[in-house]
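Student: One structure, as structure tokens, below. Some questions next.
Please treat every number below as a calculation from the coordinates, not as lab data. Predicted model only: the values in this text are computed from it and were never measured. Here the Cβ positions follow ideal geometry from the backbone for every residue, glycine too, while neighbour counts run over all protein chains shown.
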Amino acid sequence: MGSYATRSGEVRIRGARTGARNGARDFRGAARGGARDFRGAARGLATFSDVDSDYTPQQVAELLARGGIQLVDVRQPHEHEAGRIAGGRLIELAQLAGQAETIDPEKPVVFYCRSGARSAIAAEAFRRAGYDAHNMVGGLLDWEAARLPLEPDDGYVADA
């Protein structure tokens with residue numbers, strides 16, 4: 001399993017699982033401009049497949065408490081430092097393809113960001129590469145609105 005950038009700026013993730021979904025799949029944009037290129041991505045979310053596999057913040061909290069998922073924050077470091085979900089790890093969206101090998105393909109993974117747009121892109125790319133990948137809809141904004149805990153105790157949702 002690995003990843004590489006192409007001349008066109010695509011980032012490809014090689015799937016870790018065997019079967020029909022194995023192989024390289026497109027993860028466009030991350031190599032070109034990082035998270036800023038994804039701000040308008042929410043407009044295209046209706047075209048993504050597997051939107052039914054998105055989780056609400058409440059579902060993520062329950063799965064995380066049971067140890068049933070890997071949780072990945074795809075925001076920028078300053079956003080992560082301001083406030084985050086305990087038990088997750090930071091992998092910036094622009095760095096995600098290069099870190100794909102550090103994500104266990106045998107355990108479900110949930111991606112989150114501020115609003116759910118950047119994490120939806122990550123989840124879709126990883127689903128296409130054969131991972132059991134999910135987006136946390138509404139992102140950290142909905143997590144906070146549901147009064148779920150942030151780390152640190154005085155954590156907040158930073159602007160992107």
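Student: So what are the ³J(HN,Hα) numbers for the range 56-65, from phi and the Karplus equation (6.51, -1.76, 1.60; θ = phi - 60°), rounded to whole Hz, Gly and Pro as x?
Tutor: 6, x, 5, 5, 4, 4, 5, 5, 5, 4
Student: For the range 93-146, what relative contact order do you get, as a whole percent, if you take Cα pairs closer than 8 Å and at least 6 residues apart? Intermediate values should be presented prior to the final figure.
Tutor: On the way: 77 pairs, mean separation 19.7, N = 54.
Relative CO of the range 93-146 lands at 36 percent.
Student: Moving to a separate point now. Can you pull the one-decimal nm distance between simple spin-label points at Q99 and Y156, each 7 Å off the Cα toward Cβ?
Tutor: Label at Q99, label at Y156, 2.5 nm between them.
Student: Would you grab the residues whose amide H sits under 5 Å from the one on R114? Only those 5+ places off in sequence or on another chain, please, with H modelled 1.01 Å from N.
Tutor: Distant-sequence amide H within range of R114: L140.
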